[in-house]
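Below is one structure, written out as structure tokens; comments come after it.
The values are calculated or read from the model by the stated rules, or taken from the named source; none is laboratory data. This structure is a prediction, so every number in the text was calculated from the model and none was measured. Cβ placement follows ideal geometry from the backbone for every residue including glycine, while neighbour counts extend to all protein chains displayed. These accessible areas exclude ligands, DNA and RNA; they are computed on the full protein's heavy atoms, side chains included. Shrake-Rupley method; radii C 1.70, N 1.55, O 1.52, S 1.80 Å.
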Amino acid sequence: MTALVYDFRAGNKDLKDLLGGKGANLAEMTRMGLPVPPGFTITTEACRAFLRTGAMPDGLLGEVQDHLREMEARMDKRLGDPRDPLLLSVRSGGKFSMPGMMETILDVGLNDNSVLGLAAQSGDERFAWDSYRRLIQMFGHTVCAVPDEDFETELAAARTHAGVDSDGQLSVPDLQHLVEAYKKAFHTHAGRDFPQAPHEQLFLAIESVFASWKAERAVLYRRQERIPHDLGTAVTVMAMVFGNLGAGSGTGVAFTRDPATGRRGRYGDYLENAQGEDVVAGIRNTVGLQALQHLDPHSFAQLTHIMDQLEQRYRDLCDIEFTIERGKLWMLQTRVGKRTAAAAFVIATQLVDEDVITLDEALQRVTGEQLAQLMFPAFDQSAAPATLTTGVPASPGAAVGRIVLDSTHAAAADGPVILVRRETNPDDLPGMIAAQGILTSRGGKTSHAAVVARGMGKTCVCGAEQLLIDGDTVTVGDTVLHAGDVISLDGTTGRVYAGAVPVHPSPVVRYFEGELPAESDPLVAAVHRLLTHADSARRLAVHANADSAADAARARRFGASGIGLCRTEHMFLGERRALVERLILARDDTERTAALDALLPLQRDDFVELFAAMDGLPVTVRLIDPPLHEFLPALEDLTARVARAEALGEEPGRDGELLTAVRRMHEVNPMLGLRGVRLGLVVPGLFAMQVRAIAQAAAIRARLGGDPRPEIMVPLVGAVQELEAVRAEAESVLAGIDGAPQIPIGTMIEVPRAALTAGEIAHAADFFSFGTNDLTQMNWGFSRDDVEGAFFGRYLELGIFATSPFESIDVGGVGRLVRIAVDEGRAARPELTIGVCGEHGGDPASVRFFHVAGLDYVSCSPFRVPIARLEAGRAAIDTTTATSDSR
């Protein structure tokens, strides 16, 4: 029978799937001989069995009892012993770090008798009763869903009755009365007494940690971070060690490098006379880790040595939780630490320089999402007002928004907001996701707010002690702000400003624009180095979607190797709409030809500029795609104008003609109507005019010594006969243009039928380019513009979508159509070039799919070109590594 419980001595860091990250890393530290309290881990398989059936799996409690007896023998203590009790911590620990999203219960084993033994054994009666009241609160909230507010109300009443300002000033009699008040609150809500049997406490705690995997906030966090919902959590049970036993004790969190900037050094937070949860909860402001060097030099020296050992073992930034109990150091947890986007790039290249990892490994340590964060603008300090207050710079970035003081309002807000709290807790997650930035008056770089914000790439300033939050007001000195007022957060410096501060481009964007050299600062140098390596490794080419010479030039500066989509309909906007109106209102061939002749030179001049900007690189020009009536005034507006004219006895004139045309062309569902190739076949000369403009522009550029490389893309093809008809007309036009280069003619695969008949269509196409926006709409049967705000939120809540299929490719549906089209297209025409030009071309997860699917290039907006380059390189290395591992 497979074991469901593992002693810390039995596992290792590679067993995260089975033991969760916490359990696997505790096992690794134990194997290294580090000072880890004895304990055991209940596997994720046990959790999954519990989640399937709602009951503990057979044999689990027996295994727990066996491991508990072994722990008792090693510690020479017994759970619940009234003279010298063994106390336990029960913590969750999934494969992936989920800071604060699932429950922890400390001091399991205390009851009315063992609390007396703890007092006698520790020599600190106050400590024992304070631990007991904490257990009742944690157990009550986690196991029996007693609202924390019920306990906080009793705690506030105890402080008031005692005439003290803080919990630490409560006397032993105060705490004894508080324990009784907590028991009454527990009974009132739970309908039972607080359990006195220590083993019952333990088993109920384990069950509740399992159940917390399905807690709303945990589900929301996994959805945000794209963590699979079927992994389950492991549970670690560990002997308690105490950091709240006076001045010689304490607890802290340490990082082997700065998780905000990547700088080498010793970083973290420390609290004297505190339990570990106090640090991450942010309820008390901490001192920097370096202060421990003066408070306890021996423990500090031991800790720094262990930090070096762990970074060498994990070959990465490590996040460490520790407790000092009366001068003895205990290691409670380690993991590869969460970090900001900037720190990720800097640390990856540092480790290469230190010969710890290879460049391939460094590239796998950063992501396209992180690079996108680095491209966001920062505050223009020259235009910043006086600083309102300063806190701990916990997660870099520039955030401007209206103050909201609770998570519910932040989640429901319309427009950018800053969530302002004393401290955050896991229940604040919906508001943290919705907010532009997070500001707290308590906590440090390792508080809940800081850790979660860094993981999500949110700007965060913590521990701004001058902030006084009361009701709907925030006071700093003489300045009073209210909910709804605008503030600005600088997560790099920790400064907070009243009002909106102007922003300027990030240094990474300035580097891409050619304004800064690669060596201008460590972050830019790291981005340059890893992106250069990605370019050398990737197989996918990266093109850009650009409709103007300016966009094309920027795309080229950002590293695009061509234009994958030029949307010609964008060239008909502005003053040119009048010419399109002439085309639509044409009453005969003569008027239609005149309108097309007027459009021709304008299109040609646009293409000349575009080909010049992308000289020597391919430019794929999509022939006009949307319905013609999109170039006309709205039906409702025209109807109102004509009705008004008629009511005044005036002739509607041109408005009347336009109204007749709009009514004639009106479609119930224009996305599935007369557009794309259908429009080109129905409106004589329209596509021919565009083809002629493309060819003439290419000929002009060639005569000027340029190297134009246009490609013509026919949109919305569903049958090979459509493409054959357009191709015949286009080739006839091209044959009559002197000096034009050879111009390939291909099609967009954006209709499901095109994907399913790709083998036929390939015979008439020089290339395919997937239009995944329309392919997604038609495959799912919904219009993006209509449904995203209507029900996508509910679909995400229900888990029908892990993420919007318009943001990341739907691999099972749309992705399958892509694979069919690639396989059948290449089977019919092996030399067929295949790319993608929908918005998915710049989505990191989608880029990786397109690499595996065998596409030749992706195309995306100019701003996302570096992101696609990075992910294309990572995908190539992933594939190479997987192939090597399988040999």
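Remarks
- The chain - percent of accessible surface contributed by carbon and sulfur, probe 1.4 Å: 50 percent
- Global geometry of the range 448-509, whether rounded, prolate or oblate, following the gyration tensor of its Cα atoms and the 1.5 cut on a/c: oblate
- Cα-based Rg and Dmax for the range 1-118, where Dmax is the largest Cα-Cα distance (Å): 14.9, 42
- Value of [θ]222 nm, deg cm²/dmol, for the chain, DSSP H segments ≥ 4, -39500 (n - 2.57) each, nearest 500: -14000 deg cm²/dmol
- Solvent exposure of the chain, expressed per residue, is 40 Å² of accessible area, with all protein chains present and a 1.4 angstrom probe.
- Accessible area per residue was computed with a 1.4 Å probe on protein heavy atoms; residue 482 scores about 90 Å².
- When the Cα positions of 50, 34, 113 are compared along the charge dipole of the range 1-115, 34 comes out farthest toward the positive end, with charges on each C-beta of Lys, Arg, Asp and Glu.
- Here the contact order of the range 307-425, divided by its residue count and restricted to Cα pairs under 8 Å and six or more residues apart, works out to 14 percent.
- Among the protein heavy atoms, those of residue 465 account for about 120 Å² of accessible surface (1.4 Å probe, every chain in place).
- Each of residue 483 and residue 880 was given a label point 7 Å from its Cα along the Cα-to-Cβ line. The distance between the two points is 5.5 nm.
- For the chain, the Cβ-based charge dipole about the Cα centre amounts to some 1400 debye (Lys, Arg positive; Asp, Glu negative; other atoms uncharged).
- Mean separation of Cα contacts under 8 Å, 6 or more apart, over the residue count of the range 693-741: relative contact order %: 59 percent
- Crossing angle, helix 844-853 versus the chain [Cα axis fit, 0-90 degrees, rounded to tens]: 60 degrees
- Note on residue 247 and residue 804: their simple-model spin labels are 5.8 nm apart, each label 7 Å out from Cα toward Cβ.
- Candidate residues 475, 532: accessible-area rank, largest first, probe 1.4 Å: 532, 475
- Mean separation of Cα contacts under 8 Å, 6 or more apart, over the residue count of the chain: relative contact order %: 9 percent
- Percent of beta bridges antiparallel (DSSP, the chain, rounded to nearest 5): 60 percent
- Three-way shape label, the range 33-176, alpha-carbon gyration tensor, a/c 1.5: oblate
- Added length on full extension, which subtracts the Cα-Cα distance from 0.36 nm per residue, residue 816 to residue 468: 119.8 nm
- Distance from the alpha carbon centroid of the range 812-887 to that of the range 482-529 works out to 32 angstrom.
- Sparsely packed loop sites in the range 306-339 (the trypsin sites (Lys or Arg not before Pro) outside DSSP H, G, I, E and B with at most 15 other Cβ atoms within 10 Å) comprise 315, 326.
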